[in-house]
Ligand SMILES: Cc1cc2nc3c(=O)[nH]c(=O)nc-3n(C[C@H](O)[C@H](O)[C@H](O)COP(=O)(O)O)c2cc1C
């Protein structure tokens, strides 16, 4: 009998039984009523802030072709409620728990890190730098390499588990930001968060979400996310977690070839709650069909040796 393919991957010091996990904000303990969470490679929480904060005003969601816009605005019940009420619920499952943390100033990231350090049951932190920086006129924290490096270094100094950094795609050079995260001490890069988008209802002459600008996610952003993963993987030596528009096992394999060690599933879970578990089963079957012994063989194995693939492409 042929052995089942090996789906195990390592995110630095964090071993995963398979490379598939949820994207922050698109998963919670309630999904346990619908799928077997123990099948997942890891669990990822919605971004937690040090203090409670409310989200944005309605409407918070709008559909677009092949994607969605959200202006949820990251409501959070704060660190205290997270530790007391939410964290114990995640202990019902075995996959490692990655806790996403956010802040609106550099100091706020250090505060949430201090509040959650040495709290049992946290396997790693994912620093969400797609938050407005109140000290820089609302520019995203993740838009400037020096700020990213300072946030990551500060969090890293305060916690004892690996620190991942989730990049925003809304930057000029994702490679420069990825390198800053690595210099600051990150163990892995997650790429990417939502693209900035907008939807307009011309009849009411209003934006279709409460905040005019909103986060654009879903299948439509896959080519952008894939390109960001590719650029980040070229720029750093630490593992990259790919996220953006993934809905099928083929999408997962494309991200892995482009350099992702693991992947996260976001919007697709809203369409079909069983997307992650279906993908894990399909990944095993697909690797087996292809005679691939370990998924690790495929990480970054994209061939770029044809002349057309090495010439920088111009749009248009
Ligand atoms: C409703 C919603 C809420 C989200 N909340 C968060 C969040 O709290 N923290 C975060 O880092 N990303 C958040 N994201 C972004 C996702 O984690 C992911 O990066 C993005 O949706 C792209 O992946 P997808 O195309 O598979 O959805 C959210 C996305 C959606 C759609």
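Every number here is computed from the coordinates shown, using simple stated rules; none is lab data. Predicted model only: the values in this text are computed from it and were never measured. No Cβ is skipped: glycine too gets one built from the backbone with ideal geometry, and neighbour counts run over all protein chains shown.
Couple of notes before you dig in:
- Flag if residue 38 is assigned to a helix (DSSP H, G or I), over 30 Å from residue 206 (Cα atoms) and more than 15 Å from the ligand (Cβ to nearest atom): yes
- Positions within the stretch 56-74 being farther than 16 Å from residue 207 by Cβ and more than 9 Å from the ligand (Cβ to nearest atom), in sequence order: 65, 66
- Exactly one residue among 41, 67, 12 is surrounded by fewer than 16 Cβ atoms within 10 Å (Cβ to Cβ), in contact with a strand residue (DSSP E or B) (Cβ under 8 Å, 6 or more places away or on another chain) and in contact (Cβ under 8 Å) with a residue 40 or more places away in the chain, and that residue is 12.
A quick yes/no check of all residues on (1) over 17 Å from residue 50 (Cα atoms); (2) in contact (Cβ under 8 Å) with a residue 40 or more places away in the chain:
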site	(1), (2)
95	yes, yes
99	no, yes
109	no, yes
119	no, no
122	no, no
137	yes, no
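- Scanning the stretch 182-192 for residues that are assigned to a loop (DSSP other than H, G, I, E, B) and more than 15 Å from the ligand (Cβ to nearest atom), we see that the one that is farthest from residue 230 (Cα to Cα) is 185.
- Of all residues in the stretch 115-140 being assigned to a loop (DSSP other than H, G, I, E, B), under 23 Å from residue 89 (Cβ atoms) and in contact with a strand residue (DSSP E or B) (Cβ under 8 Å, 6 or more places away or on another chain), the one that is farthest from the ligand (Cβ to nearest atom): 121
- Subset of the stretch 239-259 (residues that are under 18 Å from residue 298 (Cβ atoms), in contact (Cβ under 8 Å) with a residue 40 or more places away in the chain and not in a helix (DSSP H, G or I)): 239, 240, 241, 242, 243, 258, 259
- From 161, 171, residue being within 16 Å of the ligand (Cβ to nearest atom) and within 20 Å of the chain's Cα centre (by Cα): 171
- Unmet criterion (only one of (1) within 9 Å of the ligand (Cβ to nearest atom); (2) crowded, with 24+ Cβ neighbours inside 10 Å) for residue 195: (2)
- Top-ranked residue in the stretch 261-274 [being surrounded by 21 or more Cβ atoms within 10 Å (Cβ to Cβ) and within 13 Å of the ligand (Cβ to nearest atom); ranked as farthest from residue 70 (Cα to Cα)]: 263
- Total residues in the stretch 200-235, condition surrounded by 20 or more Cβ atoms within 10 Å (Cβ to Cβ) and not in a helix (DSSP H, G or I): 6
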